[in-house]
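The block underneath contains the structure these notes are about, expressed in structure tokens.
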Amino acid sequence: MVKHMRVDREEKYEIVEKWFLKDLEMIDGKEADTDNPYFDMHFHKVYNLEAYSCASKYTFARTLSKLNELYLKKDLKIVNFDDTYLSDDSSWSSNNRDCLVLMRMCFYASNLLCLSLCPLS
């Protein structure tokens, strides 16, 4: 866990706590249908954490899942996350999923805007 501080014009980061991935039992996103940056990590005790954004929370969960698959291959529970944005086989899949999701949403929104401005005859 890293603590972010801003001192004058300089940004500083301090490592507050470290854990082993093998000790992680579960990641709880708290609410899958709400855009919030809060989540819990369950080790020997539960840590309540806040990510920079909801997108970074999902990126963090995907990264932990991939590291677990690559190195540990244990049953890591990821609950209260939208599976669409966690899985590699989804239609949103890419190396930079968060930008891809945003681009698709903008594309659909612009199509809706264009359609709404077209006169009906």
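Scanning segment 60-101 for residues that are at pLDDT below 90, assigned to a helix (DSSP H, G or I) and over 15 Å from Glu31 (Cα atoms) turns up Arg97, Asp98, Cys99, Leu100, Val101. Across segment 26-35, the number of residues qualifying as touching an Asp or Glu at 6+ places or on another chain (Cβ under 9 Å) and in a loop (DSSP other than H, G, I, E, B) comes to 4. Annotation: His42 fulfils all but one of (1) surrounded by 13 or more Cβ atoms within 10 Å (Cβ to Cβ); (2) touching a helix residue (DSSP H, G or I) at 6+ places or on another chain (Cβ under 6 Å); the unmet one is (2). As a summary of the residue check, Met41 satisfies the conditions (1) modelled with pLDDT of 80 or more; (2) assigned to a helix (DSSP H, G or I); (3) of a type in the set (A, V, I, L, M) except for the one numbered (2). With respect to Tyr85, is the statement that it is aromatic (Phe, Trp, Tyr), under 20 Å from Lys3 (Cα atoms) and within 11 Å of the chain's Cα centre (by Cα) true? For Tyr85, the condition - aromatic (Phe, Trp, Tyr), under 20 Å from Lys3 (Cα atoms) and within 11 Å of the chain's Cα centre (by Cα) - is not met.
Taken over segment 1-39, the criterion of being open to solvent by 40 Å² or more (accessible area, probe 1.4 Å), under 20 Å from the mean Cα position of the chain (by Cα) and over 23 Å from Leu67 (Cα atoms) is satisfied by His4, Glu31, Asp33, Thr34, Asp35. Is it true that some residue in segment 46-58 is hydroxyl-bearing (Ser, Thr, Tyr), more than 10 Å from the chain's Cα centre (by Cα) and open to solvent by less than 40 Å² (accessible area, probe 1.4 Å)? Among the residues of segment 46-58, at least one is hydroxyl-bearing (Ser, Thr, Tyr), more than 10 Å from the chain's Cα centre (by Cα) and open to solvent by less than 40 Å² (accessible area, probe 1.4 Å), which makes the answer yes.
For Lys74, state whether it is of a type in the set (D, E, K, R), open to solvent by less than 80 Å² (accessible area, probe 1.4 Å) and more than 30 Å from Met103 (Cβ to Cβ). Against the criterion (of a type in the set (D, E, K, R), open to solvent by less than 80 Å² (accessible area, probe 1.4 Å) and more than 30 Å from Met103 (Cβ to Cβ)), Lys74 qualifies. May I ask you to verify whether Asp28 is modelled with pLDDT of 90 or more and within 11 Å of Phe81 (Cα to Cα)? Considered against the rule, which asks whether it is modelled with pLDDT of 90 or more and within 11 Å of Phe81 (Cα to Cα), Asp28 comes out as yes.
The values are calculated or read from the model by the stated rules, or taken from the named source; none is laboratory data. This one's a predicted model, so the numbers in the text were calculated from it and none came from an experiment. Note that each Cβ is placed from the backbone with ideal geometry, even for glycine, and that neighbours are counted across all protein chains shown. All accessible areas refer to the heavy atoms of the entire protein, side chains included, with ligands and DNA or RNA removed. Shrake-Rupley method; radii C 1.70, N 1.55, O 1.52, S 1.80 Å.
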